[in-house]
Structure formats: structure tokens, C-alpha cells
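For reference, the structure is listed below as C-alpha cells.
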Amino acid sequence: MNFQQSQTFTGQKNTGVQGTLGNNLFKLEDVSVTFGDIRALINIKLSIDKGEIVFVTGASGAGKTSLLGLLSGDLKPDSGRVSVPSPRRCFISKVFQDLRLENRKTCEQNLWAAYDSTIYDNKKEFKKDLEDLAGVLGFDNRLDLKIKDANGGLKQKIAIARALLSKPDVFIADEPTASLDTGNARRLFEVLNIYNVKKGMTVIWASHNKELVKNFSGRIIHLENGKLIYTGHACFI
Ligand SMILES: Nc1ncnc2c1ncn2[C@@H]1O[C@H](COP(=O)(O)OP(=O)(O)OP(=O)(O)O)[C@@H](O)[C@H]1O
Ligand SMILES: [Mg+2]
């Protein structure tokens with residue numbers, strides 16, 4: 001990966017000066033996002049390095065999904081500058097709040113949607129990764145269940161596993177533990193931590209539940225009413 005090759009999205013009101021990303025995978029400079037009269041994000045300045053684990057926290061409406069939208073390139077700023085890595089060099093996999101699963105297909109069939117012959121040597125290798133993830137996330141006995149018959153927690157795990165099976169450089173998840181209990185949330189963190197340590201995967205995880213993610217190791221970016229209030233280690237917030 002060459003993260004020097006970045007894309008820059010510039011808001012209309014502030015053109016700024018273009019530069020390389022350096023060690024930063026993502027960089028936001030004085031970025032604001034509005035929806036009509038609503039100021040979803042206000043003058044956000046932040047950077048995220050390759051290999052970081054970052055939790056974006058804040059109450060409902062604080063701007064978490066908007067921030068993730070900027071990082072994933074789904075949303076453009078009204079002002080300020082957003083630099084993200086080039087998709088040709090860095091693959092970002094996203095788990096949205098609406099999980100975007102195929103209801104009439106089974107859990108396993110939904111996972112196979114991540115299969116790509118350019119990133120796996122063969123289907124056997126993919127199947128092994130699939131079964132390993134099913135084991136550690138605890139749904140190995142549910143692979144034949146149709147999504148329409150699955151509960152919220154299982155659907156969430158399938159969406160997360162599908163994203164991981166695409167072997168992303170960056171994993172972005174919006175409220176990935178919304179339907180998970182604390183034990184499953186911890187197990188998810190441990191899986192993401194392994195991918196982070198072993199594969200260098202950058203993790204960006206949005207949660208309204210600050211108290212939960214404070215228990216996990218990573219950096220917190222806390223938003224309130226569209227403003228970045230705090231960024232740093234969980235123990236100081
Ligand atoms: N597409 C949109 N159109 C209009 N307003 C929007 C849109 N997206 C977000 N907003 C508003 O922008 C603000 C920030 O929303 P955002 O979804 O980023 O917050 P959030 O922290 O993700 O909230 P939640 O925890 O409920 O998911 C809110 O006031 C929201 O109503
Ligand atoms: Mg949201």
C-alpha cells in the first residue's frame with residue numbers, strides 16, 4: 001500500500017493547501033457538513049494513522065455516521081478538506097447501520113458475497129477463513145439459517161464477517177454492537193484486534209456507547225452536537 005497516493009475532497013468555502021498524507025491515512029482539516037439548517041459536523045480537525053484502532057463516540061445525532069461517511073468517501077464536505085487514501089491502493093470495507101444483507105439467502109450465502117478470486121488463492125482458502133470467523137464469532141451452527149429468520153445479533157455478526165472476509169486494509173463499522181450483548185461485543189473487539197495486530201487492519205468503529213468502548217484499547221474521538229470534543233486515550237475521557 002502506498003498511502004501517499006491520496007484523494008482530496010475540498011469543500012467550497014475553504015480550498016486550503018493540498019499536500020501528501022504522510023503517515024496519516026485520513027486527514028480532516030476544518031471540515032463542516034450541513035444538511036439544510038442542520039450542522040452535522042462543525043470545523044472538524046483530525047487525522048487517523050494506518051494501523052490505528054479508533055472509536056468514534058457520541059450521543060444520537062452527534063455526527064458519528066456523518067464522520068464515517070466522510071472517511072469512506074460517501075459524503076462530501078461543505079467546507080474544509082478531507083484526504084482519504086486512494087481506493088486503488090487501500091481497500092475500505094464498511095458495515096453500515098442498515099446491514100445490507102440479502103434476506104432470502106442463508107448466512108453462508110451472504111458471506112460468499114465477499115469472495116473475490118483476486119484476493120483468495122482458491123475457494124477452499126476462503127471457506128477456511130469463513131469457518132474460522134464463524135467459530136470465533138459464535139455462529140458456526142447458524143450458517144444454513146436464512147437471514148430473514150436470523151435475530152439482530154446474528155445479522156450483525158454476518159455483516160461484520162462479510163466485511164472482514166473481503167480482507168480490507170481499513171474496516172469501518174457504524175454501531176457494530178447495536179444488537180450484541182457485552183460478551184459478544186467483547187468477542188468482536190478481540191477479533192478486530194487480531195486482524196489489527198496480524199494484518200495491520202485499521203479499525204474505525206462508531207458507537208453511541210462510550211462506556212462499552214472505553215473498555216477496549218484504542219483511541220476515542222468523541223463528538224457532541226457536531227463538534228469534536230475529545231480525542232485521545234479512553235482513560236482520560
Ligand atoms: N441525510 C440527512 N438529511 C438530513 N439530516 C441529516 C442527514 N444525515 C444526518 N442528518 C442529521 O445530522 C445530524 C448528525 O447525524 P448523524 O447521523 O451523523 O449522527 P449520529 O451520531 O450517527 O446519530 P445516531 O447515533 O442516531 O446514528 C443529526 O441531527 C441528523 O438528524
Ligand atoms: Mg449514526
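The values are calculated or read from the model by the stated rules, or taken from the named source; none is laboratory data. Nothing here was measured: the structure is a model prediction, and the numbers come from that model. Note: ideal-geometry Cβ built from the backbone for every residue, glycine included; neighbour counts use all protein chains shown.
Here are the numbers for this structure:
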| read-out | value |
| --- | --- |
| Boolean, Asp174 is on the phi < 0 side of the Ramachandran plot and more than 16 Å from ligand 1 (Cβ to nearest atom) | no |
| All positions within the stretch 75-100 that are among the acidic types (Asp, Glu) and in contact (Cβ under 8 Å) with a residue 12 or more places away in the chain | Asp78 |
| Residues of the stretch 193-216 that turn out to be surrounded by fewer than 20 Cβ atoms within 10 Å (Cβ to Cβ), among the polar types (S, T, N, Q) and farther than 16 Å from Leu133 by Cβ, as a count | 2 |
| Residue tally, condition surrounded by fewer than 20 Cβ atoms within 10 Å (Cβ to Cβ), under 20 Å from the mean Cα position of the chain (by Cα) and in a loop (DSSP other than H, G, I, E, B), over the stretch 126-168 | 2 |
| Selection status of Ser32, more than 23 Å from Thr202 (Cβ to Cβ), at pLDDT 95 or above and surrounded by 18 or more Cβ atoms within 10 Å (Cβ to Cβ) | yes |
| Residue list for the stretch 213-237, filter: outside any loop (DSSP other than H, G, I, E, B) and among the hydroxyl-bearing types (Ser, Thr, Tyr) | Tyr230, Thr231 |
| Test: residue in the stretch 31-49 that is part of a helix (DSSP H, G or I) and under 17 Å from Asn225 (Cβ atoms) | no |
| Subset of the stretch 175-202 that is of a type in the set (Val, Ile, Thr) and either in contact with a Lys or Arg (Cβ under 8 Å, 6 or more places away or on another chain) or within 25 Å of Gly61 (Cα to Cα) (or both) - its residue that is nearest to ligand 2 (Cβ to nearest atom) | Thr177 |
| Test result for Gly51, touching a residue at least 12 places away in the same chain (Cβ under 8 Å), away from ligand 2 (no atom under 16 Å from the Cβ) and within 28 Å of Leu165 (Cβ to Cβ) | yes |
| Those residues of the stretch 20-56 which are touching a helix residue (DSSP H, G or I) at 6+ places or on another chain (Cβ under 6 Å) and more than 9 Å from ligand 1 (Cβ to nearest atom), in sequence order | Phe26, Ile53, Phe55 |
| Test: residue in the stretch 203-212 that is within 26 Å of Val136 (Cα to Cα), away from ligand 2 (no atom under 15 Å from the Cβ) and assigned to a helix (DSSP H, G or I) | yes |
